Every structure is written in structure tokens, then in C-alpha cells.
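To keep things clear, I will list the structure first and then write my remarks on it.
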Amino acid sequence: MDKNLIQRTLSGIVYVAVIVLCTTPLGAKLINSIVPDLVKQEYLYYGLITLLLGVGSWECFKIMKFGNGYERWIVLPLIIFIFYIFSKRYFHFDFFFDFRISEILALLLIVIAVVTLFKYPNELYYDSGKLIFTVIYVALPFSFALGLPKFSRFDDRFSLEVLFLFILIWSSDTFAYLTGKFFGKHKMAPKISPKKTWEGYIGGVVLTLVLSYFIERYQPDLRGNWMVVGFLVAAFAPVGDLVESQLKRNFGVKDSGNIIPGHGGVLDRLDSFLICVPVVYLYFILEKFI
């Protein structure tokens, strides 16, 4: 058997296991069965997101090749500060969703960053542009991710929105790949991601919607309508992949890192997650007013 295939399989299993244990009550139950009352699930989830934020920030810093100016020294403090602001809300108020202008502006900044990457890439060759893009691209999505699950300090409940978001992203990627492999003829973005096709994109949307139907039917306690979430994920997950591909292409980088053997870095694995999280977060806010 191919040694690289074994490596990819094992590291993939570990990666999925970590995601499941940190986004469901299983992680805390497992640890507390060994050492009673050692940890709560929300702290495991917070630890996971913090770890991913830290590694992802370092990878983006390396990809963008900062110079020796002041920007390289303040990028990490800015990321930490933004994450701290979101963390305060998460733990003090169970991250109650409301319509805040500051959050809407933050979501708009992500859109502007993506547009800049594709339309005005020369702006990212300046350290000031690298600083702004890194903070927006990494800090904001991971910060918004803190608010997706619901948890209660009173009865140890922890909801499963993030787990099913990952499942939908994985299924969307898989369905799009398989559909594109067998039926793909029309390239979606040949210069950025040659293997992506419009047939694969449509197949990913349709089949992810089918999976979303079953999630909506059998997981009624989840926030929002998961047919809508499934459509949003299938529609925007490929965008996340294209964003990271374009970022690496602009700076002549093949992989964001090698922390996950055979799979690359955190940004390679979570490119779709970084775009889908703000989109789903916005939907959860707007859903309250519908």
C-alpha cells in the first residue's frame, strides 16, 4: 500500500476525531470519565478554535512574507485583541445573537478582503495590506466561530451546530469532487483551481441539500433551518477554496503548512470553513428577524 496514502488516512482520522471530540459533548464526557469534573465542553471547543487560530495566523504570516516593518510586530497582537473581544462575549453572555453594527461591519470587511485578493492583488504586496488582510482573513472567521454553538452553564448543554457545519463542508467538497470527476466539462476557475468544474459545483449544491434535509429532519434542536445552512455551505465552500488557492498562487506557495501530514496546513484544511463561518453566522443573526 502507498505509504503516503497510509499517512493521509491516519492523519485524516486523527483530524476528524479531534474535531468531533471538541465540537460535541463526547470530548468532555471522555475526559471526565477518566478525571471527574476536569473540563467542560465549551472549554474544549474554545481550545480547539484558539489552536486553529494560532496555527492559521502563523501560516498566513509565512505565506504573505512580511517585511521588516512595524506591521510584522503588530499583526499577532491585533489578532489576539480581536479574538479576546469575541471571547469575552462568548463566555460572559453565552454569545447571545443580536444585530450589532460592529459585527455587520466586520462581515463586510471579509467581503472587501476577498474582493481585494482577486481584483486588487497588488495591494497585498505592501506590508500594510498584508497586515489588514491577515487580521481580517484569519482573526474574524475564527472569532465568529465561537458564536455558532449554544451552551448553557446551568445544565451542561452544548449544541452541535459546528459539528454539522463541518460535516456539510466535508460532504460538499466530496460531492463536488465526485460529480466533477465523472461529469465535469466546464472549468470553474482554470487559472486558480484547474480541477473545479461548474458541474461539480452544481452537484455539490444538490447533494449537500439532500444531506441537509436529513439534518433538519432529525436534528430539530439545531439553530436555524439547515436546508438554508446547507445551501449556504454548498454555495460558499468552493469560494473558500478558491480564496486560499488564489492567496497561495499570489505568493508562490504550494501548501500553507505541514501540521497535518499528507493534508498540508490548517488553512489548507479550513479554507472553506473560514468563508462559511461568517456566512452562516450572518444567517443566524438575520434568522432571528424573519
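The values are calculated or read from the model by the stated rules, or taken from the named source; none is laboratory data. All values derive from a computational prediction rather than experimental measurement. Methodologically, a virtual Cβ is constructed for each residue, glycine included, from the backbone with ideal geometry; neighbour enumeration extends over all protein chains shown. For accessibility, only protein heavy atoms count, side chains too; no ligands or nucleic acids. Shrake-Rupley method; radii C 1.70, N 1.55, O 1.52, S 1.80 Å.
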When region 222-263 is checked residue by residue, the ones that are free of Cβ contacts under 8 Å to residues at least 24 places away in the same chain and assigned to a helix (DSSP H, G or I) are MET227
In region 264-282, anything at pLDDT 90 or above and assigned to a loop (DSSP other than H, G, I, E, B) is listed as LEU270
Per the filter on region 56-78, residues open to solvent by less than 30 Å² (accessible area, probe 1.4 Å) and among the hydrophobic types (A, V, I, L, M, F, W, C) are CYS60, ILE63, MET64, PHE66, VAL75
Exactly one of TYR84, TYR90 is more than 21 Å from LEU286 (Cβ to Cβ) and either in a helix (DSSP H, G or I) or open to solvent by less than 40 Å² (accessible area, probe 1.4 Å) (or both), and that residue is TYR84
Within region 9-28, is there a residue that is at pLDDT 90 or above, in a helix (DSSP H, G or I) and under 20 Å from ILE136 (Cβ atoms)? no
Pairing a residue in region 203-221 that is more than 19 Å from VAL280 (Cβ to Cβ) and free of Cβ contacts under 8 Å to residues at least 60 places away in the same chain with any residue that is part of a helix (DSSP H, G or I) and open to solvent by 50 Å² or more (accessible area, probe 1.4 Å), where Cβ atoms lie under 6 Å and the two sit 6 or more apart in sequence or on different chains, gives GLY203/PHE175
Residue check: is LEU109 closer than 30 Å to ILE192 by Cα, open to solvent by less than 70 Å² (accessible area, probe 1.4 Å), of a type outside the set (Phe, Trp, Tyr) and modelled with pLDDT of 85 or more?
-> no
Checked pairs for region 267-290, first more than 18 Å from ARG100 (Cβ to Cβ), second open to solvent by less than 10 Å² (accessible area, probe 1.4 Å) and in a loop (DSSP other than H, G, I, E, B), C-beta under 8 Å and 6 or more apart or across chains, list as LEU267/SER256; ASP268/SER256
Residue pairs qualifying under the 6 Å Cβ cut-off, at least six apart or on distinct chains, with the first in region 47-59 being without any contact (Cβ under 8 Å) to a residue 40 or more places away in the chain and the second being crowded, with 19+ Cβ neighbours inside 10 Å and part of a helix (DSSP H, G or I), are LEU48/CYS22
